[in-house]
1. Condition first: touching a Phe, Trp or Tyr at 6+ places or on another chain (Cβ under 7 Å) and within 16 Å of ligand 2 (Cβ to nearest atom). Now tell me which residues in the range 271-304 satisfy that.
2. Are any residues in the range 79-96 assigned to a loop (DSSP other than H, G, I, E, B), touching a helix residue (DSSP H, G or I) at 6+ places or on another chain (Cβ under 8 Å), modelled with pLDDT under 75 and open to solvent by less than 80 Å² (accessible area, probe 1.4 Å), and if so, which ones?
3. Out of Y62, Y76, I need the residue that is at negative phi, in contact with a Leu (Cβ under 8 Å, 6 or more places away or on another chain) and either of a type in the set (A, V, I, L, M) or at pLDDT below 95 (or both). Which one?
4. Select from the range 195-213 the residues that are within 16 Å of the chain's Cα centre (by Cα) and more than 12 Å from ligand 2 (Cβ to nearest atom) and write down the one among them that is farthest from Q291 (Cα to Cα).
5. State all residues of the range 214-270 that are among the basic types (K, R) and either away from ligand 2 (no atom under 13 Å from the Cβ) or in contact with a Leu (Cβ under 7 Å, 6 or more places away or on another chain) (or both); if no residue qualifies, say none.
6. How many residues, within the range 148-192, are out of contact with any helix residue (DSSP H, G or I) (no Cβ under 9 Å at 6 or more places or on another chain) and buried (at least 24 other Cβ atoms within 10 Å of the Cβ)?
7. Residues that are at pLDDT 95 or above and surrounded by 15 or more Cβ atoms within 10 Å (Cβ to Cβ): find the helices (runs of 4 or more DSSP H) completely inside the range 210-322 holding 2 or more of those.
8. Restricting attention to the range 110-134, which residues are surrounded by 15 or more Cβ atoms within 10 Å (Cβ to Cβ), at pLDDT 90 or above and touching a helix residue (DSSP H, G or I) at 6+ places or on another chain (Cβ under 9 Å)?
Amino acid sequence: MAVDDMSSDNGIAVIDLADIDSGPGFKRICEEVAKACEEWGFFHIINHGVDMSLIRRTQKAYKDFFHLPKEEKKKYAMTKVYQGWYSPELYDDSDVKKFPLNIGNTSECLYYIVLSDNPNHETVFSLIPPDLRPTLLEFTKEVAAAQERVLAAMSVALGLDAAALQKRCESIDVGIRANYYPLQTEGKAVGEILPHSDLPAIVFLFSDTVPGLEIRNDGRWVPVKPVPDAFVVNVGDSLEMMSNGRFRSVEHRATGNETEERMSLVSFYMPAKAATIDPIQELLDESHPPQYGSAKYGDMLSALISQRLNGKAFVNSLKIKS
Ligand code: OGA
Ligand code: NI
């Protein structure tokens with residue numbers, strides 16, 4: 001069957017988390033999560049526990065920002081700490097071009113680390129546009145809690161303790177990136193994010209009902225059809241490494257369109273910079289030798305920033321050559 005004729009979502013799982021707190025519910029969820037992470041590295045979650053009215057408020061706060069005149073947004077222009085507003089149009093000749101965001105043409109994004117144990121965090125937090133700050137904090141706390149529930153299911157899916165993956169991440173940072181793809185108008189290029197994989201442990205994406213996200217599977221680009229009120233969850237490179245390649249961090253890309261503006265809210269659940277990322281010992285034995293070397297998350301991040309994102313080239317460079 002051709003990709004386009006397949007089931008409503010091309011076979012990408014929709015996992016219902018409503019009964020995650022019951023024993024049988026958790027068990028079913030772990031089984032579905034294992035399958036989804038092994039086959040696709042992507043799945044949808046519904047009944048995720050993040051309040052829908054909070055999501056709507058967060059979307060509105062971000063849209064209000066993106067709809068501001070450029071001169072206003074420039075006040076929040078991305079700095080060397082890689083946080084703030086980014087638009088490729090603005091940075092023709094500066095260093096910022098090197099930021100590994102892979103945002104192309106007319107797309108823009110606004111990125112901040114919202115939750116962190118870093119002692120400088122208050123200073124960073126104060127850079128967030130004031131109208132966005134309280135809603136964003138509330139949103140990020142709820143999303144991070146949902147991410148920890150999903151990580152627990154992923155841990156058990158790997159045959160580990162429920163707390164194992166979260167522990168391996170140590171004191172986490174949660175960054176939120178809103179990507180904005182304006183309505184494509186005549187004579188203007190369509191907004192896009194070029195192919196890449198995500199470095200963090202796991203990533204949640206909320207893009208509402210506007211399509212545009214595609215993932216690479218078996219060499220083909222497969223559209224991720226939107227599921228109302230759902231988050232799209234994907235495995236990041238760090239989790240691929242921790243799981244010794246059992247869970248897949250999959251290349252993806254996105255575009256805007258000419259009928260509707262598109263905005264995605266992306267939550268990156270990142271290990272501490274000092275955390276060591278390598279295959280978890282319990283997953284290794286004679287028939288499952290380590291597939292990846294070991295690196296500190298912070299060093300992986302710096303290496304990534306100094307390259308530009310290029311598909312899965314980065315995580316592949318950490319693979320042990322056999
Ligand atoms: C990202 C990303 C896709 C989208 O921000 O890492 O993959 O749909 N975004 O905006
Ligand atoms: Ni991504």
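The values are calculated or read from the model by the stated rules, or taken from the named source; none is laboratory data. Here the structure is a predicted model, which is why all the values come from computation and not from measurement. Here the Cβ positions follow ideal geometry from the backbone for every residue, glycine too, while neighbour counts run over all protein chains shown. All accessible areas refer to the heavy atoms of the entire protein, side chains included, with ligands and DNA or RNA removed. Shrake-Rupley method; radii C 1.70, N 1.55, O 1.52, S 1.80 Å.
1. The one that is touching a Phe, Trp or Tyr at 6+ places or on another chain (Cβ under 7 Å) and within 16 Å of ligand 2 (Cβ to nearest atom): L304.
2. If the condition is that a residue be assigned to a loop (DSSP other than H, G, I, E, B), touching a helix residue (DSSP H, G or I) at 6+ places or on another chain (Cβ under 8 Å), modelled with pLDDT under 75 and open to solvent by less than 80 Å² (accessible area, probe 1.4 Å), then Y91 is the only one that fits.
3. Y76
4. D208
5. Residues satisfying the conditions are R220, K225, R246, R248, R253, R262.
6. Matching residues across the range 148-192 total 3.
7. Answer list for the range 210-322: 237-242.
8. Matches in the range 110-134: L110, Y112, I113, V114, L115, S116, I128, P129, L132, R133.
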